[in-house]
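Q: My questions will all concern the structure given below.
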Amino acid sequence: MTNIGRISSSSQGLQNMDSVASMQKRMAQLQEQVSSGKAIQRASDNPGGTQSVLTLRAETARTSQYTKNIDSGLLRLNAARTQVDSINDQLMKVRELVIQGQSSSTPANVRSALASQVDVLRSSLLVAANGDFAGRPLFAGSASVSSAYDASGNYVGDATPMTTRVDDSGSTVRIDINGPEIFGSGASNAFDLLTTIAASLRNTPADLAANLASLDSVISTARGAQATVLSRVNQLNELHEVTADRELGLAGALNAVENTDLGKAVMELTVQQTGYQAALYATAKVMQPSLMDFLR
Amino acid sequence: MATWNGISTALSSLQAQRAAMDIAGQNIANVNTPGYTRQRVQLTSGLGVDVSAIQRLQSGVLGDRARTEGARLGDLTVTSTVLNEIEQVFPEPSATGLAAKLDAFWSGFADVARDTTNTAARIQVVEQANVVAGWLNDATQRLTDISTDYKQNLTNLVTSANSAAQKIAELNIAISQSVQGTSDTNSLLDQRANAATELSNAVGGTFTIDDANIMRVSLGGTTLVGSRNYSALQVDTTAGVTSVQWASTDFTATISTGTANGYLNTINTVIPTWSASLDTVAAALISKVNTAQAAGYDSDGIAGTAMFTGTSAANIAVAITDAAKIAASSIAPTGGVASLNGSNADVMSTLGTVSGSPDGIYQDLVVTLGYATQAANQTAQTQESFSSNIMSQINSESGVNMDEEMANLLTYQRAYEAAARVLTAIDEALATLINRTGLVGR
């Protein structure tokens with residue numbers, strides 16, 4: 001109130017109305033905060049906070065995409081891992097067959113039977129090599145083909161890796177492994193070698209020693225692929241944890257900026273209500289008496 | 001002769017006290033009348049007592065201050081109201097604002113990047129592009145609507161300013177023709193002060209009152225109201241810029257305060273500024289997405305075409321309808337066969353975070369607007385309490401206090417009774433003189 005000697009009846013009323021109205025306004029704001037649960041209704045309530053909310057929300061949206069990227073990458077890599085494991089097992093079987101065929105005591109007809117088994121394993125390997133995931137070949141890179149290898153064992157995929165983004169820094173992780181990385185490429189690829197081995201078993205057992213050396217090299221490549229897939233799976237598993245933590249952290253940060261601190265808001269509301277009632281009471285008391293009450 | 005003087009002295013007192021009681025009654029009757037200035041009889045002694053004038057208790061200085069501050073309040077209130085309205089166009093933070101729509105748009109590209117053969121994800125991106133473009137179109141339209149509203153408001157305001165100016169001119173004539181220092185003239189002065197407040201709140205202006213009690217108003221040095229007439233104002237929008245000009249000359253009137261100044265700022269500066277900001281958001285979106293599209297290849301292995309057409313928030317539109325046109329791959333087709341690579345879609349999913357991203361520009365817009373609105377609200381609030389302070393000062397000087405009037409009423413009533421008693425006493429003395437003298441021994 002201004003420091004003035006004279007008070008007019010209407011200014012007294014106006015002043016009371018002003019203070020009551022400003023309290024009502026503050027109460028309405030608090031009520032909005034409590035009922036909506038949001039501390040920031042519009043940008044001007046807290047421009048700095050609004051900036052944080054917008055940034056955090058965008059980051060939350062991106063992080064949830066990273067989680068989806070990681071999860072879908074894990075599914076794909078786990079499918080690849082199963083196939084690569086089985087490929088390794090089958091190559092080991094071929095190795096056993098070769099060693100069996102190498103023995104001088106193995107008669108020709110047994111070698112021929114071994115050769116047939118090698119042929120079967122080769123077809124089986126081809127099936128594994130053409131394994132798919134969600135309708136797309138597992139080992140064909142980014143090529144738009146129905147399978148990674150054709151019927152005669154030639155790689156028809158490409159060398160473009162499939163990668164997925166895992167964080168804001170732009171880090172990407174490979175979520176595939178392609179055919180040549182498992183089976184080797186060029187003349188020494190697994191399928192050609194298995195054809196050669198079957199032929200050697202049937203006709204030229206003397207070549208088997210050299211074939212075994214080549215096979216060991218192929219097996220070593222496949223083993224390497226197995227280790228690579230496993231390490232990529234492990235990396236994604238770790239990233240999954242990290243990203244989940246990040247999402248929780250973001251949700252917490254967002255909650256702190258965006259949501260009403262209910263306890264505080266309700267407490268403040270109660271204080272405001274008390275003040276409001278006091279103002280009304282004071283108004284009623286002050287406005288009532290006038291000189292007229294005291295004249296006869 | 002003293003005796004007869006006594007009667008007329010008592011009579012003058014009876015008349016004066018009655019006049020004073022009338023004025024107290026007038027004051028009490030107008031205790032709640034806006035703009036009413038309390039009056040007081042000025043008594044002077046002569047032969048008995050005279051009502052020399054009926055004073056209007058008001059300080060001219062405070063009235064000038066109140067008008068100036070009232071005009072400033074009108075200006076600042078408009079500024080803050082407009083910014084609050086603009087803020088509604090950008091409802092942030094919320095799920096319905098552009099920020100959330102852009103987040104969803106970029107997320108859509110990440111979905112495509114994960115599996116470029118996923119048609120549903122591709123369609124989702126096109127849909128979301130339409131949502132974003134539609135949002136920008138709507139927001140621009142709403143800004144234009146606000147501007148249109150304020151043009152209408154300005155026209156209405158100028159009309160009422162003209163009628164206030166006319167009223168002042170008419171009251172100038174009435175006041176110059178009436179007797180100064182009477183209750184009737186005082187009420188004309190109150191009416192003129194009210195009209196002056198209305199005019200000042202609308203367009204500002206300099207108010208002067210001369211010795212003959214004529215109020216003159218000038219606007220930027222040009223006469224708006226003279227002793228008997230006024231110059232009308234009108235709104236002009238022909239030059240693309242809205243202005244208030246003199247109806248008689250078509251020259252632009254100088255308006256630097258008042259509600260009209262707030263409206264003019266809104267129409268000529270505030271809305272165009274935020275509209276232009278929104279256009280930079282749209283331009284960034286168009287350029288970033290189209291550039292990224294051009295760097296990739298679509299489902300059919302064809303080099304990516306523009307996703308958006310247009311140059312501003314008003315005309316941005318989605319150019320592609322076929323979801324296959326999203327250039328998800330960054331690898332050129334080999335042997336006519338498109339690659340399933342999703343690297344380009346992955347790059348597009350990050351467009352919200354690159355430097356110069358529409359998201360960043362939009363965020364700046366929202367935050368700048370937030371700070372501007374907050375500042376305008378506070379300034380308006382400060383001005384409001386400043387103005388109401390002056391109003392309460394005026395009110396404390398010119399407003400009616402019931403207790404005071406009651407006390408006056410009592411005083412005058414007692415004085416009236418006393419004067420009546422004087423009359424009775426003289427009357428009785430005369431009766432004694434006339435009827436009782438010369439009766440000795442009868």
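Each reported figure results from applying straightforward, stated rules to the coordinates on display, with no laboratory input. Owing to the predicted nature of the structure, the values given are computational and were not obtained by experimental measurement. Heads up, the Cβs are rebuilt from the backbone with ideal geometry, glycines too, and the neighbour counts pull from every protein chain shown.
Q: Taking one equal scatterer on every alpha-carbon of segment B:167-222, how large is log10 of I(q)/I(0) by Debye at q = 0.25, 0.28, 0.29, 0.30 1/Å?
A: -1.01, -1.18, -1.24, -1.29
Q: Oh, and also: Quick one: net charge of B:N84's neighbours, Cβ under 12 Å, K/R +1, D/E -1?
A: So the surrounding residues net to -2.
Q: Just how far, in whole angstrom, is segment B:390-442 from segment B:171-219 if you go by their alpha carbon centroids?
A: 36
Q: Could you go through segment A:56-73 in sequence order and give the Karplus-derived ³J(HN,Hα) for each residue, using 6.51 cos²θ - 1.76 cosθ + 1.60 with θ = phi - 60°, rounded to whole Hz, and x for Gly and Pro?
A: 5, 5, 4, 5, 4, 4, 5, 5, 5, 5, 4, 4, 4, 4, 5, 5, 6, x
Q: Between A:Y276 and A:I99, what is the label-point separation in nm under the 7 Å Cα-to-beta-carbon projection?
A: Result for the modelled spin labels: 8.8 nm.
Q: Could you work out the relative contact order of segment B:65-388, using alpha carbon pairs under 8 angstrom and six or more residues apart, expressed as a whole percent?
A: This gives 26 percent for segment B:65-388.
Q: Considering the options B:T77, B:I316, A:H240, tell which one lies farthest towards the positive end of the dipole of the protein assembly as shown, charges being +1 on Lys and Arg and -1 on Asp and Glu at the Cβ, about the Cα centre.
A: Of the candidates, B:T77 comes out farthest on the positive side.
Q: Which values of log₁₀ I(q)/I(0), to two decimal places, follow from the Debye formula for segment B:65-388 at q = 0.08, 0.09, 0.12, 0.14 Å⁻¹ with a uniform point scatterer at every Cα?
A: Taking Cα atoms of segment B:65-388 as identical point scatterers yields -0.54, -0.62, -0.83, -0.99.
Q: Something else: Whole number please: convex hull volume per residue of the Cα set in the protein assembly as shown, in Å³?
A: Expressed per residue, the convex hull around the Cα atoms of the protein assembly as shown is 179 Å³.
Q: Follow-up question, since we're still on this one. To the nearest 10 degrees, how steeply does helix B:358-398 sit against the main Cα axis of chain B, on a 0 to 90 scale?
A: 0
Q: Could you tell me how far the Cα centroid of segment A:144-191 sits from the Cα centroid of segment A:225-282, in Å?
A: Taking the Cα centre of each part, segment A:225-282 and segment A:144-191 sit 42 Å apart.
Q: Sort B:T353, A:T204, B:T9 by Cβ crowding within 10 Å, fewest neighbours at the top.
A: A:T204, B:T353, B:T9
Q: Once phi is turned into ³J(HN,Hα) by the Karplus curve 6.51 cos²θ - 1.76 cosθ + 1.60 with θ = phi - 60°, what whole-Hz value does each residue of segment A:187-200 show in order, with x for glycine and proline?
A: 3J(HN,Hα) across segment A:187-200, in whole Hz: 5, 8, 6, 4, 5, 4, 4, 5, 4, 4, 4, 4, 5, 4.
Q: Using unit Cβ charges (K, R positive; D, E negative) and no other charged atoms, how large, in debye to the nearest 20, is the dipole of chain B about its Cα centre?
A: Charge dipole of chain B: 1400 debye, to the nearest 20.
Q: To continue, here is another question. Other chains near B:88-99: what is the mean number of their Cβ atoms within 10 Å of each residue's Cβ?
A: What the average comes to for B:88-99 is 4.
Q: Could you identify which residue out of B:S13, B:S388, B:S248 has the top mean-square fluctuation in a GNM of chain B using Cα springs shorter than 10 Å?
A: B:S248
Q: Round to a whole angstrom and tell me the spacing of the C-alpha centers of segment B:22-41 and segment A:57-123.
A: Segment B:22-41 and segment A:57-123 have Cα centres separated by 104 Å.
Q: Non-local amide H neighbours of B:L224 (under 5 Å, H modeled in plane, Pro and chain starts lacking H): which ones?
A: Here B:V217, B:S218, B:L219 satisfy the definition.
Q: Another one. On a straight-distance basis, which lysines could pair with A:K38 in a cross-link, Cα separation under 18 angstrom, same-chain partners fewer than 8 positions away excluded?
A: Leaving aside lysines fewer than 8 places away in the same chain, those within reach of A:K38 are A:K25, A:K264.
Q: Turning to a different aspect of this structure: Relative contact order for chain A using alpha-carbon pairs under 8 Å, separation at least 6, rounded to a whole percent?
A: Details: 331 pairs, mean separation 83.4, N = 296.
That works out to 28 percent.
Q: When N counts the residues of segment B:273-319, how does its alpha-carbon radius of gyration compare numerically with 2.2 N^0.38 Å, as a ratio?
A: Cα Rg divided by the expected 2.2 N^0.38 Å: 1.29.
Q: What ranking do B:222-234, A:28-40 get when scored by the average of other Cβ atoms within 10 Å per residue, highest first?
A: Highest to lowest by the protection proxy: B:222-234, A:28-40.
Q: Taking 0.36 nm per residue of separation and subtracting the Cα-Cα distance, what length does fully extending B:T269 through B:N5 add?
A: 87.5 nm
Q: Now for a separate question. Given Cα pairs under 8 Å that are at least 6 residues apart, what percent is the relative contact order of segment A:144-296?
A: For segment A:144-296, the relative contact order is 15 percent.
Q: When the distances between all Cα atoms of segment A:54-256 are binned every 5 Å from zero, what whole-number percent does each bin get?
A: Histogramming segment A:54-256 at 5 Å steps yields 1, 7, 15, 16, 14, 11, 9, 8, 6, 4, 3, 2, 2, 1, 1, 0 percent.
Q: Any chance you could give the angle, 0 to 90 degrees and rounded to 10, that helix B:98-114 forms with the longest Cα principal axis of chain B?
A: 10
Q: Could you name the lysines in cross-link range of B:K288, using Cα to Cα under 19 Å and dropping any fewer than eight places away on the same chain?
A: B:K101, B:K325
Q: Which log10 I(q)/I(0) values, to two decimals, does segment B:76-224 give at q = 0.09, 0.13, 0.17, 0.21 Å⁻¹ under the Debye formula with one point per Cα?
A: Here the Debye-derived log intensity ratios amount to -0.54, -0.75, -0.97, -1.20.
Q: What distance in nm separates the simple spin-label points at B:Q166 and A:L75, each placed 7 Å from Cα in the Cβ direction?
A: Going by the 7 Å Cα→Cβ label model, 7.6 nm.
Q: Report, to the nearest 10°, how far helix B:119-177 tilts away from the longest principal axis of the Cα atoms in chain B, using its own Cα long axis and a range of 0 to 90°.
A: Computed tilt is about 20 degrees.
Q: Let me ask something else. For A:K93, list the aspartates and glutamates whose Cα falls under 17 Å from its own Cα; do not include residues on the same chain fewer than 8 positions away.
A: A:D85, A:D119, A:D192, A:D216
Q: Grab the other residues whose beta carbon is less than 12 angstrom from that of B:L102, score K and R as +1, D and E as -1, and report the net.
A: Within the 12 Å Cβ shell, the charges total +1.
Q: Follow-up. For every helix of n ≥ 4 consecutive DSSP H residues, a contribution of -39,500 (n - 2.57) applies; sum these over the protein assembly as shown, divide by its total residues, and give [θ] at 222 nm rounded to the nearest 500 deg cm²/dmol.
A: Value at 222 nm, helices only, nearest 500: -22500 deg cm²/dmol.
Q: Related question: If you add up the charges near B:T257, with Lys and Arg at +1 and Asp and Glu at -1, over every other residue whose beta carbon is less than 13 angstrom from its beta carbon, what do you get? Please list the in-between numbers first.
A: Numbers: positive: B:R67, B:R72; negative: B:E69, B:D75.
Combined, the nearby Lys, Arg, Asp and Glu give 0.
Q: Work out from phi, with θ = phi - 60° and the Karplus expression 6.51 cos²θ - 1.76 cosθ + 1.60, the ³J(HN,Hα) of each residue of segment B:404-420, listed in order in whole Hz, and give x for Gly and Pro.
A: Once rounded to whole Hz, the list reads 5, 5, 4, 5, 4, 4, 4, 4, 5, 5, 4, 4, 4, 4, 5, 5, 4.
Q: While we're here: Just to check, using Stokes-Einstein with a Kirkwood Rh over alpha carbon pairs, what's the diffusion coefficient of segment B:368-416 at 25 °C and 0.890 mPa s in µm²/s?
A: Numbers: Rh = 14.0 Å.
Roughly 175 µm²/s, to the nearest whole number.
Q: In peptide B:358-365, what is the residue-averaged number of other protein chain Cβ atoms found within 10 Å of each Cβ?
A: Rounded to a whole number, the mean comes out at 2.
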